[in-house]
Amino acid sequence: MKEKIDIQSQVDKRNITIDKVGVKKVRYPIIVEDRENGVQNTVADLDIFVELPHHHRGTHMSRFIEVLNKFHKENFIKKLPDFLSEIKKSLNADASYTKIRFPYFLKKKAPVSGTESLLSYNCFFEASFRENFDLVIGVEVPVTSLCPCSKEISEFGAHSQRSLVTVKVSFDEFIWLEELIEIVEKSASSEIYPLLKRRDEKYVTEKAYLNPAFVEDIVRDITLKLQKDKRIKYFKVESENFESIHDHNAYACVERKIAANKTNKMNRKVTRNA
């Protein structure tokens, strides 16, 4: 019988370290913390990587899934430091990484009729583990923006558009996803609702008209609010307007690293109850 050779464990002589190697778009059920209900079950797409040393020809792709399966019934986000540590150990790597994208549902009440329905927000976690564990959380929030210039020059009406605002932060103390979503929605011309009756539609249309905001206004207002939060040590805010009267989009971005705090609690505390 021909001897089996472990090809991917062969020594590589090209002397090139690969920054990230692994698996992408692994669909997996996860549990995340929910401010109102305690926890929320959802389904995520995961990218999981390790740094591959220069002398290793390949990595063991199956081990990523094997380690992931060990955490099937855990509150996965709470266990991220353990998960990435186990990935490092199993793959004999110096660093491990994951990006987790998932829909997060919040119950929204229409502003006038009070009709309740669920709105989905795309959220994500980006985590890494080398010497220490590091975590960034993020939200993508759809909102309405109404053009101040259009309102100023028009005898009646003004053009508005759907905008997508992305906020990601790293922090020293726990922050709810809901907190980031609320900051964004309060900085736009109007928030988005999944279900509106006629009187609700009238309300949000007039609210947007009374609160015009350029894409620049949105990112600046969000920046002011994030800078005041002493828990946050880094943030990035992006706003993209899907223009209703142009065939291009308007875009603005602010990225800031806040002066380091005296202690780095992140390495010890991933979530509120970790």
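Among the residues making up segment 176-199, those that are over 19 Å from the mean Cα position of the chain (by Cα), surrounded by fewer than 21 Cβ atoms within 10 Å (Cβ to Cβ) and of a type outside the set (A, V, I, L, M, F, W, C) are Tyr193, Pro194, Lys197, Arg198, Arg199. Of the numbered conditions (1) free of Cβ contacts under 8 Å to residues at least 60 places away in the same chain; (2) surrounded by fewer than 16 Cβ atoms within 10 Å (Cβ to Cβ); (3) in contact with a strand residue (DSSP E or B) (Cβ under 9 Å, 6 or more places away or on another chain); (4) closer than 23 Å to Leu119 by Cα, Glu216 satisfies every one except a single condition; which is it? (4) is the only condition that Glu216 fails.
Candidates are the residues of segment 79-91 that are free of Cβ contacts under 8 Å to residues at least 24 places away in the same chain and surrounded by fewer than 20 Cβ atoms within 10 Å (Cβ to Cβ); the one that is farthest from Val43 (Cα to Cα) is Lys89.
Return yes when Phe133 is touching a residue at least 12 places away in the same chain (Cβ under 8 Å), in contact with a Leu (Cβ under 8 Å, 6 or more places away or on another chain) and more than 16 Å from Leu46 (Cα to Cα) and no when it is not. Can you show your working first?
Numbers: touching a residue at least 12 places away in the same chain (Cβ under 8 Å): yes; in contact with a Leu (Cβ under 8 Å, 6 or more places away or on another chain): yes; more than 16 Å from Leu46 (Cα to Cα): yes.
Yes.
Table: residues versus (1) more than 20 Å from Pro142 (Cα to Cα); (2) within 19 Å of the chain's Cα centre (by Cα); (3) of a type in the set (Asp, Glu).
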residue	(1), (2), (3)
Ile30	yes, yes, no
Asp45	yes, yes, yes
Ile65	yes, no, no
Ile77	yes, yes, no
Phe102	no, yes, no
Phe105	no, yes, no
Tyr121	no, yes, no
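For Ile48, are the conditions met, namely being modelled with pLDDT of 90 or more, over 16 Å from Val26 (Cα atoms) and assigned to a strand (DSSP E or B)? Answer is no for this residue.
Yes/no matrix, rows are residues, columns are (1) under 30 Å from Lys236 (Cα atoms); (2) among the hydrophobic types (A, V, I, L, M, F, W, C):
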position: Met61; (1), (2): no, yes
position: Lys78; (1), (2): yes, no
position: Ala95; (1), (2): yes, yes
position: Tyr104; (1), (2): yes, no
position: Tyr121; (1), (2): yes, no
position: Ser128; (1), (2): yes, no
position: Glu140; (1), (2): yes, no
position: Ser163; (1), (2): yes, no
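The values are calculated or read from the model by the stated rules, or taken from the named source; none is laboratory data. The structure displayed is predicted, hence computed values, not measured ones. Note: ideal-geometry Cβ built from the backbone for every residue, glycine included; neighbour counts use all protein chains shown.
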